[in-house]
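Undergrad: Could you have a look at this structure, given as structure tokens, before my questions?
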Amino acid sequence: MSNGPFHSIYIAFRIAHKDLLDFWKAKMLVGTFMLMPILMMAMFGSMFPSTTGTSNPYRNAPMAMVLEDHGSLAIQAGDQFKDIASSTGLFKVRDFPNYESARDGILTGSVKGVVVIPEGFTEAFNSHRQATVLITVDDTNAQMGAIIYGEASSIVGAISDNLGRIIITKMGIASDPSFVIEPISVQRENLISSTTNSFEFLAPGFMALTVVMGTLSGLASAISREKEQGTMDGIMVAPISRNAIVSGKMISQTVRGMIQAFTILGLSMVLFDVRVYGNPLLMVGVMLLGVASFAGIGIIATSIAPEQETATMMMLLLQFPMMFLSGILFPMDQLPVWLQWIGKALPLYYAADALRKIVVLNASLNQIFPDAGVLILYSLVTLGIAIPVFRKAMTR
Amino acid sequence: MIFQLEVGCRLDESLKSLGVLEGEPMKPIITTHDLTKRFGDFAAVDHINLEIMKGEVFGFLGPNGAGKSTTIRMLTTLTTPTEGTGQIDGFDIETQADEVRRRIGLVAEKLILYPRLTAVENLMFFGELYGMEKAQLVARIDELLRMVHLENFKDLPTGGYSSGMRQRLNIIRGLLHDPDILFLDEPTALLDPQSVRFVRDLVKELNANGKTIILTTHIMEEADELSNTVGIIDNGKMVAVDETAFLKGKFKCETLEEVFLELTGRTLRDSASSRVAMRRTMGRV
């Protein structure tokens with residue numbers, strides 16, 4: 001019987017193998033486990049639509065048009081708005097007799113916004129003054145409101161541009177009308193060759209979240225469960241290193257987390273058109289670092305929790321705020337500064353950030369090094385505390 | 001010269017090789033010196049001094065919450081003592097825990113089995129924890145499964161086993177690495193009469209082949225039938241350690257149960273010690 005470091009490594013893998021075999025035999029558990037990332041991606045992915053292309057969820061949104069001015073230019077502008085709205089499929093425009101009735105339409109939900117061409121529109125043009133168009137949107141859904149406002153005003157902008165060109169031509173100015181209307185134009189140069197969608201933001205974050213949280217709560221409940229059912233005694237009474245026991249549990253939970261994470265990535269690629277630009281090995285490396293940075297916390301929880309249920313609850317308590325604070329569901333910059341500080345104190349932020357840079361931007365090891373460094377530091381500190389706590393708790 | 005015992009021969013050669021030396025005085029294989037375990041202010045085990053001889057069946061008795069399980073947990077290296085020392089086969093339970101672990105087998109009251117895994121998968125896993133070679137382990141598993149008549153069920157998940165089958169498997173799990181000393185905690189609790197008889201006969205057989213057995217039980221007739229020596233613990237202290245027959249004579253009792261009640265009283269045990277024990281078994285171990 002040997003008991004060297006190689007034997008300990010073998011034992012760690014043997015414990016992991018046993019855990020995974022035990023897991024694999026629980027077919028319903030495996031099914032639920034695989035369904036989880038699919039649901040997560042489908043739900044959260046659809047929750048955050050992008051404003052471009054076909055993924056706009058407010059296409060053909062009902063829109064009210066109120067012509068308070070009945071001059072020829074006002075009618076012409078209204079018609080142009082309707083043409084552009086229907087040809088681009090952005091809005092279905094209906095005429096309303098006045099602003100009040102259109103506003104009622106928003107309140108009853110029959111329209112999402114109102115475009116008003118106010119009294120004096122034509123006259124302003126005729127007397128060479130700037131005319132105004134009013135836009136009101138349904139503010140009960142801030143995100144939808146912003147998208148609809150943006151699209152309606154861009155249609156008005158396009159109409160305005162066209163009119164501008166006609167006016168400039170009529171004025172007989174020799175140069176290119178574009179130069180007068182918009183002397184500087186902006187062109188977007190993407191870091192990557194295609195446009196990003198919200199899934200490209202979400203997928204790496206979810207991968208990090210799944211691996212880290214799956215491992216964390218899996219580790220806590222796996223150790224607690226074995227303690228409760230008594231099998232941990234059978235392991236502890238064997239002449240093996242205590243570290244091998246913890247490592248074995250970490251390995252099995254990490255493998256489970258990785259399977260889920262790559263399911264998320266695979267699904268995102270197939271269903272949601274996410275493209276991976278980075279190195280898969282680097283992705284695995286970052287996820288492993290994410291796991292290591294959290295494993296200590298999981299081990300401490302399982303050591304201090306009196307039973308499995310408490311250990312699982314403790315992990316949920318940590319998981320919930322992390323989902324919101326670590327830039328998984330939405331960019332962290334949207335949070336107030338003090339919440340950003342809390343988010344940045346949690347290692348998940350760094351794991352998600354590094355993973356996103358690798359997946360979307362093809363970042364190299366050097367470029368993600370600051371993130372990786374924080375994760376390594378976290379791992380060393382938390383595991384350094386956790387291992388002695390675990391040893392002590394197990395022989396209490 | 002090795003003293004060979006004649007037994008019903010279902011056991012393998014390795015079990016037989018553990019005979020005691022003829023003519024040699026009995027020597028202790030387990031000793032404790034002021035072994036103590038406290039949980040906060042409460043002393044679950046309070047300065048106990050034990051000597052358990054090689055080759056004997058030691059019946060370790062006591063009311064609920066008396067300190068039996070905590071003592072067993074300390075002797076099996078699962079809990080560290082607060083005070084005092086213990087040696088198993090000359091090795092210290094704290095400082096030489098791995099040496100101790102190689103020499104002991106634990107058959108705990110809670111089954112040490114994974115219900116989703118088959119008998120063979122369970123036994124292979126635990127056997128490998130003892131560093132046993134694969135081929136050797138496979139042969140050993142076959143042998144032990146035959147010994148407890150489970151060879152035809154070896155590839156079925158143990159969750160589907162009856163209580164008796166599970167306990168038989170639980171016992172051979174503790175025997176995989178052929179330990180000198182076997183700790184049996186309530187081995188016949190909740191079993192049918194057939195299984196109880198089988199387990200008791202098995203204990204006798206193992207002992208006849210040289211294994212030292214520490215048997216914890218609440219069934220006094222079982223302790224009476226199987227043990228050479230009994231130790232009774234109450235409120236964390238040993239109140240008697242002697243040969244069964246001697247104790248009966250000393251207290252003028254016909255049965256061990258009478259001796260037990262004489263020594264530990266008839267009051268129901270709802271003391272703080274049970275609460276501590278409960279909290280501990282709920283996971284604070």
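Undergrad: Is it true that some residue in the range A:1-22 is in the same structural domain as A:Gly205 (by TED's automatic domain parsing), small (Gly, Ala, Ser), more than 21 Å from A:Ala238 (Cβ to Cβ) and surrounded by 12 or more Cβ atoms within 10 Å (Cβ to Cβ)?
TA: no
Undergrad: Within the range B:194-207, identify whether any single residue is surrounded by fewer than 21 Cβ atoms within 10 Å (Cβ to Cβ) and in contact with a Phe, Trp or Tyr (Cβ under 9 Å, 6 or more places away or on another chain), and answer yes or no.
TA: No.
Undergrad: If I filter the range B:62-76 down to residues being modelled with pLDDT under 95 and outside any helix (DSSP H, G or I), which single residue comes out as surrounded by the fewest Cβ atoms within 10 Å (Cβ to Cβ)?
TA: B:Asn64
Undergrad: Report yes if some residue within the range A:313-332 is touching a residue at least 60 places away in the same chain (Cβ under 8 Å) and among the polar types (S, T, N, Q); otherwise report no.
TA: Yes.
Undergrad: Just to be sure, is A:Leu380 more than 14 Å from chain B (Cβ to nearest Cβ), assigned to a helix (DSSP H, G or I), exposed (fewer than 15 other Cβ atoms within 10 Å of the Cβ) and modelled with pLDDT under 85?
TA: When the stated conditions are applied, A:Leu380 does not pass them.
Undergrad: Run A:Ser110 past the list (1) touching a residue at least 12 places away in the same chain (Cβ under 8 Å); (2) outside any strand (DSSP E or B); (3) under 19 Å from A:Gly150 (Cβ atoms) and report the number of the one that doesn't hold.
TA: (3) is the only condition that A:Ser110 fails.
One line per residue, one yes/no per condition, for (1) of a type in the set (S, T, N, Q); (2) modelled with pLDDT of 90 or more; (3) in a helix (DSSP H, G or I); (4) assigned by TED's automatic domain parsing to the domain that holds A:Arg165:
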{"residue": "A:Met65", "(1), (2), (3), (4)": "no, yes, no, yes"}
{"residue": "A:His70", "(1), (2), (3), (4)": "no, yes, no, yes"}
{"residue": "A:Leu73", "(1), (2), (3), (4)": "no, no, yes, yes"}
{"residue": "A:Gln76", "(1), (2), (3), (4)": "yes, yes, yes, yes"}
{"residue": "A:Phe81", "(1), (2), (3), (4)": "no, yes, yes, yes"}
{"residue": "A:Ile84", "(1), (2), (3), (4)": "no, yes, yes, yes"}
{"residue": "A:Asp104", "(1), (2), (3), (4)": "no, yes, yes, yes"}
{"residue": "A:Ala146", "(1), (2), (3), (4)": "no, no, yes, yes"}
{"residue": "A:Tyr149", "(1), (2), (3), (4)": "no, yes, yes, yes"}
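Undergrad: Looking at the range A:292-306, I want the residues that are without any contact (Cβ under 8 Å) to a residue 24 or more places away in the chain and have a partner that is part of a loop (DSSP other than H, G, I, E, B) and of a type outside the set (Asp, Glu) with Cβ atoms under 7 Å, at least 6 apart or on another chain. Which pairs are those?
TA: Short answer, once both residue conditions are applied: A:Pro306/B:Met282; A:Pro306/B:Gly283; A:Pro306/B:Arg284.
Undergrad: Another question, then. For the range A:23-45, which positions are under 30 Å from B:Thr158 (Cβ atoms) and aromatic (Phe, Trp, Tyr)?
TA: Hits for the range A:23-45 are A:Phe23, A:Trp24, A:Phe33.
Undergrad: Another question about this same structure. Collect the residues in the range B:100-128 that are surrounded by fewer than 24 Cβ atoms within 10 Å (Cβ to Cβ), assigned to a helix (DSSP H, G or I) and more than 8 Å from every other protein chain (Cβ to nearest Cβ), keeping them in residue-number order.
TA: B:Arg103, B:Val120, B:Met124, B:Gly127
Undergrad: I'm trying to understand the selection: among the residues of the range B:75-97, which are away from every other protein chain (no Cβ under 14 Å) and aliphatic (A, V, I, L, M)?
TA: none
Undergrad: Here is a further query. Please state which one of B:Glu99, B:Glu133, B:Glu151, B:Glu83 is over 19 Å from the mean Cα position of the chain (by Cα), under 23 Å from A:Arg14 (Cα atoms) and not aliphatic (A, V, I, L, M).
TA: Being over 19 Å from the mean Cα position of the chain (by Cα), under 23 Å from A:Arg14 (Cα atoms) and not aliphatic (A, V, I, L, M) holds for just one of B:Glu99, B:Glu133, B:Glu151, B:Glu83, which is B:Glu133.
Undergrad: Any residue at all in the range B:214-232 that is touching a residue at least 60 places away in the same chain (Cβ under 8 Å) and more than 18 Å from the chain's Cα centre (by Cα)?
TA: no
Undergrad: To continue, here is another question. For the range B:74-99, which positions are in contact with a Phe, Trp or Tyr (Cβ under 9 Å, 6 or more places away or on another chain) and within 30 Å of B:Ser163 (Cα to Cα)?
TA: B:Leu75, B:Thr76 - these are the residues of the range B:74-99 that are in contact with a Phe, Trp or Tyr (Cβ under 9 Å, 6 or more places away or on another chain) and within 30 Å of B:Ser163 (Cα to Cα).
Undergrad: Next up: Run down B:Gly210, B:Gly236 and say which single residue is out of contact with any helix residue (DSSP H, G or I) (no Cβ under 7 Å at 6 or more places or on another chain), farther than 19 Å from B:Ile104 by Cα and small (Gly, Ala, Ser).
TA: Of the residues listed, the single one that is out of contact with any helix residue (DSSP H, G or I) (no Cβ under 7 Å at 6 or more places or on another chain), farther than 19 Å from B:Ile104 by Cα and small (Gly, Ala, Ser) is B:Gly236.
Undergrad: Residue under question is B:Leu35, and the condition is that it be modelled with pLDDT of 95 or more and over 17 Å from the mean Cα position of the chain (by Cα); does it hold?
TA: Yes; evaluated as a whole, the condition is true for this residue.
Undergrad: Looking at the range A:268-288, I want the residues that are on the phi < 0 side of the Ramachandran plot and have a partner that is modelled with pLDDT of 90 or more and in a loop (DSSP other than H, G, I, E, B) with Cβ atoms under 7 Å, at least 6 apart or on another chain. Which pairs are those?
TA: A:Val286/A:Ile368
Undergrad: Sticking with this one: Give the residues of the range A:113-144 that are part of a loop (DSSP other than H, G, I, E, B) and either of a type outside the set (Ser, Thr, Tyr) or not assigned by TED's automatic domain parsing to the domain that holds A:Met171 (or both), sorted by residue number.
TA: Those that are part of a loop (DSSP other than H, G, I, E, B) and either of a type outside the set (Ser, Thr, Tyr) or not assigned by TED's automatic domain parsing to the domain that holds A:Met171 (or both): A:Pro118, A:Glu119, A:Gly120, A:His128, A:Arg129, A:Gln130, A:Ala131, A:Val133, A:Asp138, A:Asp139, A:Asn141.
The values are calculated or read from the model by the stated rules, or taken from the named source; none is laboratory data. This is a predicted model, so every value here is computed, not measured. Heads up, the Cβs are rebuilt from the backbone with ideal geometry, glycines too, and the neighbour counts pull from every protein chain shown.
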